[in-house]
Amino acid sequence: MNYGFIRVAAAVPELKVADCEYNTEQIINIINKAEEAEAQFVVFPELSITSYTCADLFHQQALLKECITQLTRILEKTRKLGVVVLIGMPLNVDNQLFNCAVAVQHGRILGVVPKTYIPNYSEFYEKRWFATGLKAINDTVMLCGQQVPFGVDVLFEAANVPGLCFGMEVCEDLWVPIPPSSYQAVYGATILFNLSASNEIVGKYEYRRELVRQQSAKCTAAYVYTSSGIHESTTDIVFGGHAMIAEYGGMLAESERFQESEQLIYGDIDIQKLMSDRYKNTSFMEALPGKKFRKVQFEVKNVELKGLKRYVDPHPFVPSNAATRDNRCKEIFAIQTSGLAKRIKHTGLKKAVIGISGGLDSTLALLVTARAFDSLGISRENIVAITMPGFGTTNTTYTNALELMGSMGVSISEIDIKPSCIQHFKDIGHDPDIHDVTYENVQARERTQVLMDIANKQGGLVIGTGDLSELALGWCTYNGDHMSMYAVNTSIPKTLVKSLVQWAAENVFEGATKDVLYRILNTPISPELLPPSPTGEIEQKTEDIVGPYELHDFFLYHMMRYGASPRKILFLAEKSFDGKYSAEEIKKWLRMFYRRFFSQQFKRSCLPDGPKVGTISLSPRGDWRMPSDAEARLWLKELE
């Protein structure tokens, strides 16, 4: 099972100008390598059989005839191969010469797509030789003894892989305001191939790369691009051999330019992921153009992919690149701060009330609140920070809470909730020696009651501290820490909370605040609702009970962002966390994730307001609307 992944390859072959036989030998060698690597597609540069820089030699009948001879040779050599080969060549059709992309599989020509936009730059005066594909008269062409589809309106649809359809365009087609690939995508193409010959001048590399990346994003597609290498003629210009495989705005693979030897890069395209985003984006099909496309049916060869040729980030919410991570944290912090500042201005309240436990979530909420007050010119003394030690509070978190509040210049309050909880146990007839869910939730609700009542008394806003991971798992007490008047962390997963606190320590806060932030970062995650160990250490560690948050955040991301199935999530997690968690461990916690996610929806159905910061939110007013009594059986059954 390939879980919707399709392996593509982009080639930059060695070649000799106008030596079709030599170039074809190189193409065939690369095709065999791609086949051995289980690639299902391999694309070559523009005019790859002849080379791009033949100039007026394109008008020589000897060259055009040899092209057909060598294409026939390629057909013979690929008759027993399943890989779809996309090659470039000139073709004389309808009394015109076209710059064409030719798709070949199993010795059969699937179809031919001529270049639409013909450049007339000083270095690329193609109009001297080639006509635009828009001027083609016939919609088929007789080529190598086969009658094949011909035209700019041809797409190729896989009969055996749902959602897989590909289109081809040639070089300049990408550089115009509305590329042909944009129309191809709207009519179903999920993989877009570009056979190119793009020379190198200062600054062009970055622009070209961004074009490819952006086109893949705008089209919600994969974009596979390859360009001629340094063996083209260097009479006036130099080619670098730039190949790229992009998927929905991300770069999966990229070649090294200016290489003497051939290059062949690979990437595994996630068709299911692309289709999921197209289903969600209802505006994708709104501007359906009037033009129509013909679809050629073919079958993708079935392969068992060994080793995924793409990076699967174990922490999808947290960028692995340090610079990107810093920028992301800065932006998220600004979104949180701006959301809270707007709510404070709207309510006209000048005070905020927040419970501080000495853990990560409440720490981040306090940092955001402090910045919001700073931006509004309101004294931090108007932030009423309350620590409420209970039966499970340890000296570590208690000290962290006091030092954090003291370092930030907020109003500090300490309320011991143990006497109130003991009284409540008496009122409801609960034995305090029974450390069950009642014992735990009494403490959580008592803390929330204290915060709400103080907010009413002082005219303040209760700031929520719960995060996205806790909401996904329902790891919060209903109408306890589940509730607030504005929840600043509501769409931030636990793995990202830690990164945000660390970023704040490194870039925003200084002195004593910075020191205590680092200590908080090293404190185990715990609700601290059960008594500590005899030595005073945290006994109730969340990740020992519900599983590692890095796994749950991974599960949540792939389920919510792309609608991935349980089997696919398990497959991706095994690849991503190989060597850290066993397959059985991952399956165990994924089972836990589904059970809790479905059973705890009722808590998400009545969430307080809070800012969305990323692509995933569980707000019932926005991104996630799910019945509270939905069954998890289907998902658990597939997982088993």
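All of the numbers you see were taken from the coordinates with simple rules; none came from a lab. On a predicted model such as this, the values are computed, not experimentally measured, just so you know. Cβ placement follows ideal geometry from the backbone for every residue including glycine, while neighbour counts extend to all protein chains displayed.
Residues D453, D153, arranged from fewest to most other Cβ atoms within 10 angstrom of their Cβ, appear as D453, D153. Highest average first, the peptides 259-269, 419-429, 572-582, 186-196 ordered by how many other beta carbon atoms sit within 10 Å of their residues are 186-196, 259-269, 572-582, 419-429. Taking the Cα-to-Cβ direction at K65 and at T347 and moving 7 Å from each Cα, how far apart do the two end points lie in nm? About 8.6 nm, to one decimal. When D270, D361 are arranged by Cβ crowding within 10 Å, least crowded first, meaning fewest neighbours, the order is D361, D270. To the nearest ten degrees, helix 511-521 and the longest principal axis of the Cα atoms of the chain are 80 degrees apart. Over the chain, Cα pairs under 8 Å with separation of 6+ residues give a relative contact order of 11 percent. When C171, C329 are arranged by Cβ crowding within 10 Å, least crowded first, meaning fewest neighbours, the order is C329, C171.
If I take R0 = 30 Å and measure r between the Cβ atoms of K292 and T72 in this structure, what FRET efficiency does the formula 1/(1 + (r/R0)^6) give, to the nearest 0.05?
0.40
Full extension of the segment from A159 to S605, taken as 0.36 nm per residue of separation minus the current Cα-Cα distance, would add 156.4 nm. Helical runs (DSSP H, four residues minimum) scored at -39500 (n - 2.57) apiece and divided by the length of the chain put the mean residue ellipticity at 222 nm at -12000 deg cm²/dmol.
If you take the alpha carbon radius of gyration of the range 5-298 and divide it by 2.2 N^0.38 Å, what ratio comes out, to two decimals?
Expressed relative to 2.2 N^0.38 Å, the Cα Rg reads 0.91.
How much of the DSSP bridge set in the range 5-298 is antiparallel, in percent, rounded to the nearest 5? Don't jump to the answer; show the numbers that get you there.
Values: 39 of 62 bridges.
Percentage antiparallel, nearest 5: 65.
Ranked by the mean number of other Cβ atoms within 10 Å per residue, highest first, peptides 533-539, 400-406 order as 400-406, 533-539. What the Cβ-Cβ distance of E299 and Y205 gives, at R0 = 41 Å and to the nearest 0.05, is a FRET efficiency of 0.65.
Evaluated with a Cβ-only charge set (Lys, Arg +1; Asp, Glu -1), the range 327-478 carries a dipole of roughly 880 debye about its Cα centre, given to the nearest 20. On the beta carbon distance between N29 and T282, with R0 = 41 Å, the FRET formula returns roughly 0.35. Evaluated at q = 0.06, 0.07, 0.09 Å⁻¹, the base-10 log of the normalised Debye intensity for the chain, with identical point scatterers placed on the Cα atoms, takes the values -0.44, -0.57, -0.80. Taking 0.36 nm per residue of sequence separation and removing the Cα-Cα distance, the K127/I545 pair yields an extension gain of 143.6 nm. Here each label is just a point 7 Å from Cα along the line to Cβ, and for K637 and Y518 those points are 5.4 nm apart.
Within a straight-line Cα-Cα reach of under 30 Å, K127 can be paired with the following lysines, leaving aside sequence neighbours fewer than 8 residues apart in one chain: K16, K65, K115, K135, K204, K218, K291, K292, K295. Under a model in which nothing but the beta-carbon of Lys, Arg (+1) and Asp, Glu (-1) is charged, the chain shows a dipole of about 1500 debye around its Cα centre.
Comparing Cα centroids, the range 193-208 and the range 547-596 end up 39 angstrom apart. Dipole of the chain computed with +1 at Lys/Arg Cβ and -1 at Asp/Glu Cβ about the Cα centre; of F571, C329, H424, farthest Cα towards the positive end is H424. Applying the Karplus relation 6.51 cos²θ - 1.76 cosθ + 1.60 with θ = phi - 60° to the range 588-604 yields 3J(HN,Hα) values of 4, 6, 5, 4, 4, 4, 5, 4, 6, 4, 6, 6, 9, 4, 4, 6, 7 Hz, where x marks Gly and Pro.
Only beta bridges with both residues in the chain are counted; by DSSP, about 50 percent of them are antiparallel. Charged side chains reduced to their Cβ positions (Lys and Arg at +1, Asp and Glu at -1) give the range 5-298 a dipole of some 900 debye around its Cα centre. Tilt of helix 360-376 relative to the longest C-alpha principal axis of the chain, in degrees (0 to 90, nearest 10)? Computed tilt is about 90 degrees. When you restrict to C-alpha pairs under 8 Å that are six or more residues apart and normalise by the size of the range 5-298, the relative contact order lands at 20 percent. Label separation (E584 vs M251): 4.3 nm, computed from points 7 Å beyond Cα along the C-beta direction. Proximity of backbone amide H atoms, modeled 1.01 Å from N, is registered between L15 and H231 at under 5 Å, excluding neighbours fewer than 5 places apart on the same chain.
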